[in-house]
Amino acid sequence: MAAKTIDTGVRTGNPTPETACNFQARTLNFRPSMSDKQKPLILTGAKPSGELTLGNYLGAIKNWAVMLDQYECFFPIVDLHAITVRYVPAELRRRTYQCLAQYIACGLDPEKSHIFLQSHVTGHTELSWILSCLTPVGDLHRMTQFKEKAAKPGASVNAGLLFYPVLMAADILLYNADRVPVGEDQKQHLELARNIAQRFNQTYSETFNIPEPFISKAGARVMSLQDPEKKMSKSDENPGEAILLLDSPKEIRKKILSAVTDSGREVRMAEDKPGIGNLLNIFSAVTDRSIEELEKEFAESGYGEFKNALADALIAKLEPFQERYRRLIEDKTYMHRVLKEGTEVAQARACKTLSKVYRKAGFIERLR
Ligand code: TRP
């Protein structure tokens, strides 16, 4: 009789949950507290690209920080994703620490969330292999981000770049995340992750939650200072486009003063004033004051006065952040402790999912 190749989900043995990871037994003592169990699980990853921009903070991280009490939060720094493009190993290491220190300095409290490195948890790459065997290669070729990155002159179009979204799906599904805060540019990847999860559930049996995107109402959309039609992002060719969280007061003022504005001289929100509109949005997000209030205050001022006031507000806002950052980046012992604790929780969760997945996919239980 021919052997059945697909496990229908019917249990034959009595595998312990840690089967797939029994070599990591040390980390398996973690049991989520009742309160954690009842909270929905949020997960979002960021590549360790080193310097975060004001856009990253106001549009994303600031909002994650207010979710800490309501949700169980997982914040992997996705270092494995960082090597899909050309990179320098020593830089990656430095940037990973920088990213961690900036996260914490921004208010992601490690006591209330799980911050860890993707490369420290066994399971992300293993799960991504299983998922890749359920992903049509055509789906990956259709991803907008892949097409854009592959089209860059001199790009190395490696298989990892193509498989990037499968690894991202694994990041999410490994923890059975309920919600995933993502920006516009990652929606397509999240949709793919949902499709992959559904395909796994249909092929084997109900295993994964179908993760929902988490679009926060509060997030400010921060645009480039040089081209307000474009999202603010770090650009090597034109550093004036973005305020970096670690910019000095002098740099901040210079960038704000040379931000493009519009014709006319009134400080107000209007269709034909995307430059001033962007600066008003930033001002409002940084000071928690309403646009109307700011329009009133600067009704009689010209652009110069308005921009100087914005620079003052930004410098004041970033100063305590930078102070915290400088202390953290010097304190490797503390950073390692944060990572170790985050990894322990993440690894325990990952092992559970992975052993379930292996079992359902028909692998024989690991022998001890
Ligand atoms: N691809 C995401 C980005 O470039 C980063 C990422 C990796 C991610 N894994 C994730 C985001 C899981 C959310 C959930 O921004």
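Just to be sure before I move on: is residue 331 within 27 Å of the chain's Cα centre (by Cα) and at pLDDT below 95 in the structure I sent?
no
Quick grid of which residues meet (1) out of contact with any strand residue (DSSP E or B) (no Cβ under 9 Å at 6 or more places or on another chain); (2) open to solvent by 60 Å² or more (accessible area, probe 1.4 Å):
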{"residue": "223", "(1), (2)": "no, no"}
{"residue": "244", "(1), (2)": "no, no"}
{"residue": "262", "(1), (2)": "yes, no"}
{"residue": "266", "(1), (2)": "yes, yes"}
{"residue": "274", "(1), (2)": "no, no"}
{"residue": "286", "(1), (2)": "yes, no"}
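Every residue, every condition in (1) open to solvent by less than 30 Å² (accessible area, probe 1.4 Å); (2) without any contact (Cβ under 8 Å) to a residue 12 or more places away in the chain, yes or no:
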position	(1), (2)
123	yes, no
129	no, yes
134	yes, no
145	no, no
149	no, no
153	no, yes
158	no, no
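Looking only at region 234-279, count every residue that is farther than 20 Å from residue 317 by Cβ and in a loop (DSSP other than H, G, I, E, B) and tell me the total.
Of the residues in region 234-279, 17 are farther than 20 Å from residue 317 by Cβ and in a loop (DSSP other than H, G, I, E, B).
Mind counting the residues in region 72-123 that are within 16 Å of the chain's Cα centre (by Cα) and part of a loop (DSSP other than H, G, I, E, B)?
Looking only at that region, the number is 8.
Between a first residue in region 82-106 that is assigned by TED's automatic domain parsing to the domain that holds residue 171 and farther than 24 Å from residue 165 by Cβ and a second residue that is charged (D, E, K, R) and modelled with pLDDT under 95, which pairs have beta carbons less than 9 Å apart while being 6 or more apart in sequence or on different chains?
Pairs found: 98/51; 102/51; 106/62.
Of (1) more than 10 Å from the ligand (Cβ to nearest atom); (2) crowded, with 20+ Cβ neighbours inside 10 Å, residue 189 satisfies all except one. Which?
Result: residue 189 passes all but (1).
Inside region 20-45, can you point out the residues that are open to solvent by 20 Å² or more (accessible area, probe 1.4 Å) and at pLDDT 80 or above?
If the condition is that a residue be open to solvent by 20 Å² or more (accessible area, probe 1.4 Å) and at pLDDT 80 or above, then 38, 39, 40, 45 are the ones that fit.
Would you mind finding the one in 89, 110, 76 that is crowded, with 23+ Cβ neighbours inside 10 Å and out of contact with any Pro (no Cβ under 7 Å at 6 or more places or on another chain)?
Only one candidate qualifies: 76.
Test each condition in (1) in contact with an Asp or Glu (Cβ under 8 Å, 6 or more places away or on another chain); (2) under 21 Å from residue 315 (Cβ atoms); (3) buried (at least 21 other Cβ atoms within 10 Å of the Cβ) for residue 204 and report the one that comes out false.
Going through the list (1) in contact with an Asp or Glu (Cβ under 8 Å, 6 or more places away or on another chain); (2) under 21 Å from residue 315 (Cβ atoms); (3) buried (at least 21 other Cβ atoms within 10 Å of the Cβ), residue 204 breaks only (2).
Being of a type in the set (Ser, Thr, Tyr), within 22 Å of the chain's Cα centre (by Cα) and either within 11 Å of the ligand (Cβ to nearest atom) or assigned to a loop (DSSP other than H, G, I, E, B) (or both) is the filter here, so list the residues in region 128-174 that pass it.
Passing the criteria: 128, 164.
Only residues that are out of contact with any helix residue (DSSP H, G or I) (no Cβ under 8 Å at 6 or more places or on another chain) and within 11 Å of the ligand (Cβ to nearest atom): list them for region 175-185, please.
177, 179, 184
Any idea which residue in region 192-212 is farthest from the ligand (Cβ to nearest atom), counting only those that are hydroxyl-bearing (Ser, Thr, Tyr) and part of a loop (DSSP other than H, G, I, E, B)?
Among those that are hydroxyl-bearing (Ser, Thr, Tyr) and part of a loop (DSSP other than H, G, I, E, B), it is 205.
The values are calculated or read from the model by the stated rules, or taken from the named source; none is laboratory data. Keep in mind the model is a prediction, meaning the values are calculated, not measured. A quick note on method: Cβ atoms are made from the backbone with ideal geometry, for glycine too, and the neighbour counts reach across all protein chains shown. Note: accessible area is taken over every heavy atom of the protein model, side chains too, but ligands, DNA and RNA are not part of it. Shrake-Rupley method; radii C 1.70, N 1.55, O 1.52, S 1.80 Å.
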